[in-house]
Amino acid sequence: PGTFSMYRTSVLREIGGYDIHNITEDTEIAYRIQKKHYRIENCLEAKAYTIVPPTFKEVCVQRKRWYSGAIQTLYKHRTMLLNNKYGAFGYFVFFNYLLIAFGLVLFSASIYLTITKLVENIFYYHYTGWDIFSHWMHLEWDVLNYSRATVLGLLSLFFTLSVLFIGLYMTKTKYRTKKTGIIGYSFLFFFYQLFWIISIIALIRRKKIQWR
């Protein structure tokens, strides 16, 4: 993460410093450092504080820059993917973006199945004279009756929470001090995919994305 990165000056001079035309310069420079076969280490105990965008619109602007820049950087250094010359890095990056692609497919399928199931159920209420409340009063919950959309949604939520608790465990963070964050993080899967879709659409439309 660029908010608390430290670089050896001699390495920066060797690779030519930051790419001033890149909108995610911290990500892009990491690729070039790897190309020179230098080591990048991560300190899980490090703590950094940043200013969070105050509105949802500004968060969208920030994330659109991040994700669009990530795709542009990936394309710029595409020769590194699955390339033994760069060790595990090329495989890790490929696997990371493969997970993102699967997440987008899962998200799109979940939304489609949810909407179609909702429309179907609304149509069935026509045969009951739109007697919705009595149906819900006698509703029986059976796991075998769960729709594909429900199963996909629950799997997405389970995976998101699993990543959350693994991250808290690895950083030795106490769960009880992050109750509000844990609740908010549960919705990350939805917003994460939404931000990626916005970024991909912006790139397809060739919309110029800048720092703001």
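Worth a mention:
- Among the conditions (1) at pLDDT 90 or above; (2) open to solvent by 70 Å² or more (accessible area, probe 1.4 Å), ALA101 misses just one, which is (2).
- The range 34-77: number of residues that are outside any loop (DSSP other than H, G, I, E, B), at pLDDT 90 or above, of a type in the set (Lys, Arg) and over 18 Å from ARG205 (Cβ atoms): 2
- All of (1) open to solvent by less than 50 Å² (accessible area, probe 1.4 Å); (2) within 30 Å of TYR75 (Cα to Cα) hold for LYS208 with one exception: (1).
- Among the residues here, ASN22 qualifies as open to solvent by less than 30 Å² (accessible area, probe 1.4 Å) and either more than 16 Å from ARG206 (Cα to Cα) or in a loop (DSSP other than H, G, I, E, B) (or both).
- For THR50: the one exception among (1) open to solvent by less than 60 Å² (accessible area, probe 1.4 Å); (2) in contact (Cβ under 8 Å) with a residue 24 or more places away in the chain: (1)
- Residue under evaluation ALA30, criteria (1) out of contact with any helix residue (DSSP H, G or I) (no Cβ under 7 Å at 6 or more places or on another chain); (2) farther than 30 Å from LEU152 by Cβ; (3) modelled with pLDDT of 90 or more; (4) loosely packed, with under 12 Cβ neighbours inside 10 Å, criterion not met: (4)
The values are calculated or read from the model by the stated rules, or taken from the named source; none is laboratory data. Just so we're clear, the structure is a prediction, and the values are computed from it rather than from any experiment. Don't worry about glycine lacking a Cβ; one is built from the backbone with ideal geometry, like all the others, and counts go over all protein chains shown. Heavy atoms of the whole protein, side chains included, go into the accessibility calculation; ligands, DNA and RNA do not. Shrake-Rupley method; radii C 1.70, N 1.55, O 1.52, S 1.80 Å.
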